[in-house]
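Student: Have a look at the structure that comes next, please.
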Amino acid sequence: MNLDARPPVPHHPMPTELLFRNDAYMKTAAARVVAVTERGIELDRTIFYAQGGGQVGDTGVLLRANGEKIPVADTRKGEALDSVLHVLAAGTPRPEVGEELALAIDWERRYLLMRLHTALHVMSCVVVAPVTGGNIAPERARLDFDIDMTLLDAGRIEREVNALIARGVATETVWITDEELDARPELVKTMSVQPPRGAGRVRLLKIPGIDLQPCGGTHVANIGEIGAIRVLKIRSEGKRNKRVEIGLA
Ligand SMILES: [Zn+2]
């Protein structure tokens with residue numbers, strides 16, 4: 001990295017240890033504040049997922065040693081690779097750099113996101129077409145496909161996705177190198193979001209016998225936890241964006 005041409009920065013962004021990558025079920029953790037900026041709070045480690053890959057950022061609370069609660073309104077990516085900004089609402093008290101905090105995510109909301117997110121992986125194997133977009137919110141999730149509208153049948157998608165969910169398959173996280181991914185371009189279904197490069201390795205979500213694709217998001221441990229989905233809406237959002245929106249049944 002050439003720092004010579006850069007203006008002085010108020011702090012040096014540090015990568016945050018992303019605890020949810022190894023265990024998406026962590027509801028609480030302890031962490032130390034490493035930076036406090038206008039944009040948000042950076043911690044040495046976090047359980048808060050930063051908005052990305054179509055999934056909204058986590059909300060929750062940072063608890064100070066004196067019992068004061070600092071609500072986290074949103075979580076966004078910071079400047080450095082893997083740095084995370086815990087975004088506070090205006091007027092919220094700011095913690096001090098070096099302060100130890102207890103973290104708690106809004107678990108009910110996150111678990112909905114994990115179930116819907118994993119459901120999209122399953123749906124991407126039922127609707128076989130390039131994915132041109134996607135979004136995951138707590139109430140609904142959607143994928144856009146480059147496909148002919150006549151090939152999208154709500155009843156069929158619902159039945160086939162729910163039949164796969166009913167298999168109750170355990171999900172796995174697999175890491176491969178950038179070179180291994182380059183050698184297997186068929187793994188990348190999502191045309192609009194290329195997997196992050198530069199870290200030397202790429203994280204994949206594997207649902208054995210169903211799906212394998214690069215993803216840095218949060219997933220349920222077993223697809224049976226999704227329960228069942230229903231198709232809320234199918235509509236055209238453009239020539240290459242036929243949108244299928246789902247919710248939990
Ligand atoms: Zn995923």
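Student: Taking only pairs six or more apart or across chains, which ones have beta-carbon atoms under 6 Å, a first residue in segment 201-212 that is of a type in the set (K, R), and a second residue that is surrounded by 17 or more Cβ atoms within 10 Å (Cβ to Cβ)?
Tutor: Here the result reads R203/G216; K206/L212, each pair linking segment 201-212 to a residue that is surrounded by 17 or more Cβ atoms within 10 Å (Cβ to Cβ).
Student: I'd like the full set of residues that are assigned to a loop (DSSP other than H, G, I, E, B), modelled with pLDDT of 90 or more and in contact with an Asp or Glu (Cβ under 9 Å, 6 or more places away or on another chain), limited to segment 190-217.
Tutor: P208 - this is the single residue of segment 190-217 that is assigned to a loop (DSSP other than H, G, I, E, B), modelled with pLDDT of 90 or more and in contact with an Asp or Glu (Cβ under 9 Å, 6 or more places away or on another chain).
Student: If A104 satisfies all but one of (1) modelled with pLDDT of 95 or more; (2) buried (at least 21 other Cβ atoms within 10 Å of the Cβ), what's the number of the condition it fails?
Tutor: That leaves (2) as the condition not met.
Student: OK, next. In contact (Cβ under 8 Å) with a residue 12 or more places away in the chain and under 22 Å from N22 (Cβ atoms): does that describe L63? Working first, answer last.
Tutor: Working: in contact (Cβ under 8 Å) with a residue 12 or more places away in the chain: yes; under 22 Å from N22 (Cβ atoms): no.
It is false that L63 is in contact (Cβ under 8 Å) with a residue 12 or more places away in the chain and under 22 Å from N22 (Cβ atoms).
Student: Please go through segment 30-39 and pick out each residue that is out of contact with any Lys or Arg (no Cβ under 7 Å at 6 or more places or on another chain) and either farther than 17 Å from A65 by Cβ or open to solvent by 50 Å² or more (accessible area, probe 1.4 Å) (or both).
Tutor: The first filter runs over segment 30-39 and keeps only residues out of contact with any Lys or Arg (no Cβ under 7 Å at 6 or more places or on another chain), leaving 30, 32-35, 37-39.
A30, R32, V34, A35, T37, E38, R39 - these are the residues of segment 30-39 that are out of contact with any Lys or Arg (no Cβ under 7 Å at 6 or more places or on another chain) and either farther than 17 Å from A65 by Cβ or open to solvent by 50 Å² or more (accessible area, probe 1.4 Å) (or both).
Student: To continue, here is another question. So L113 fits all but one of (1) more than 23 Å from the chain's Cα centre (by Cα); (2) under 30 Å from L62 (Cβ atoms); what number is the exception?
Tutor: (1)
Results for (1) surrounded by 20 or more Cβ atoms within 10 Å (Cβ to Cβ); (2) of a type in the set (K, R); (3) assigned to a strand (DSSP E or B), shown as yes or no for each residue.
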site: G67; (1), (2), (3): no, no, no
site: P71; (1), (2), (3): no, no, yes
site: H86; (1), (2), (3): yes, no, yes
site: E96; (1), (2), (3): no, no, no
site: M123; (1), (2), (3): yes, no, no
site: A129; (1), (2), (3): no, no, no
site: R142; (1), (2), (3): yes, yes, yes
site: I147; (1), (2), (3): no, no, no
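Student: In segment 216-249, which residues are within 13 Å of S124 (Cα to Cα) and in contact with a Gly (Cβ under 9 Å, 6 or more places away or on another chain)?
Tutor: Of everything in segment 216-249, just one residue is within 13 Å of S124 (Cα to Cα) and in contact with a Gly (Cβ under 9 Å, 6 or more places away or on another chain), namely R243.
Student: Another question, if that's okay. Please determine, by comparing only the residues of segment 218-249 that are in a loop (DSSP other than H, G, I, E, B) and among the basic types (K, R), which one is nearest to the chain's Cα centre (by Cα). Break it down into steps so the answer makes sense when it comes.
Tutor: Taking segment 218-249 and keeping what is in a loop (DSSP other than H, G, I, E, B), we get 218-221, 227-228, 237-241, 249.
Subset that is among the basic types (K, R): 239-240.
Working: K239: 27, R240: 24 Å.
Step by step, filter segment 218-249, then rank; the result is R240.
Student: Looking at segment 107-118, I want the residues that are away from the ligand (no atom under 15 Å from the Cβ) and have a partner that is outside any helix (DSSP H, G or I) and charged (D, E, K, R) with Cβ atoms under 9 Å, at least 6 apart or on another chain. Which pairs are those?
Tutor: Qualifying pairs under 9 Å: W107/K27; R109/D58.
Student: Out of curiosity, is R110 of a type outside the set (A, V, I, L, M), touching a helix residue (DSSP H, G or I) at 6+ places or on another chain (Cβ under 9 Å), farther than 22 Å from R235 by Cβ and at pLDDT 95 or above?
Tutor: yes
The values are calculated or read from the model by the stated rules, or taken from the named source; none is laboratory data. Worth saying up front: this structure is predicted, and the values here are computed from it rather than measured. Glycine gets a Cβ as well: all are built from the backbone with ideal geometry, and neighbour counts include every protein chain shown. Accessible surface is based on the protein model in full, side chains and every heavy atom, while ligands, DNA and RNA are left aside. Shrake-Rupley method; radii C 1.70, N 1.55, O 1.52, S 1.80 Å.
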